[in-house]
Amino acid sequence: MYFLTESPTNVGLRRGRIFIGLDESQSAAILQHVERKGITTSYTHWGAPTMVISDPDRNELFFWLAEAQRVKWQESHAGIA
């Protein structure tokens, strides 16, 4: 896990950004939770294809999903991101 509080796009805005790499079972669990709770996600490329969850204060959780789960997530969100 990596925690970043400022980036070139949010300098001085005091937002947080956490990078989380997940294995296959963890990826499956987070995707099930996100779907079950109706959590809005987006897609970006941050060194690798990345699922992003932003809270109301615009803090960001960046998830690097395991390959098989990432492909399933991307296919289910094709055209949305």
Applying the selection to segment 14-62, what residues are closer than 19 Å to Ser76 by Cα, within 9 Å of the chain's Cα centre (by Cα) and among the β-branched types (Val, Ile, Thr)?
Thr41, Thr44, Thr50, Val52, Ile53
Flagged in segment 48-73 as part of a loop (DSSP other than H, G, I, E, B) and either among the hydrophobic types (A, V, I, L, M, F, W, C) or without any contact (Cβ under 8 Å) to a residue 12 or more places away in the chain (or both), in numbering order, are Ala48, Asp55, Pro56, Leu65, Ala66
Please indicate, with yes or no, whether at least one residue in segment 8-17 is at pLDDT 90 or above, in a loop (DSSP other than H, G, I, E, B) and at negative phi.
no
Taking segment 21-37, which residues are in a helix (DSSP H, G or I) and surrounded by 12 or more Cβ atoms within 10 Å (Cβ to Cβ)?
Glu24, Gln26, Ser27, Ala28, Ala29, Ile30, Leu31, Val34, Glu35
Residues to consider are Thr44, Thr5, Thr40; find the one that is over 24 Å from Glu67 (Cβ atoms), modelled with pLDDT under 95 and either surrounded by 15 or more Cβ atoms within 10 Å (Cβ to Cβ) or out of contact with any Asp or Glu (no Cβ under 7 Å at 6 or more places or on another chain) (or both).
Thr5
Of the residues in segment 47-72, those that are of a type outside the set (A, V, I, L, M) and out of contact with any strand residue (DSSP E or B) (no Cβ under 6 Å at 6 or more places or on another chain) come to Gly47, Pro49, Asp55, Pro56, Asp57, Arg58, Asn59, Glu67, Gln69, Lys72
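The values are calculated or read from the model by the stated rules, or taken from the named source; none is laboratory data. This one's a predicted model, so the numbers in the text were calculated from it and none came from an experiment. Using ideal geometry, Cβ is built from the backbone for each residue, glycine included, and neighbour counts are taken over all protein chains shown.
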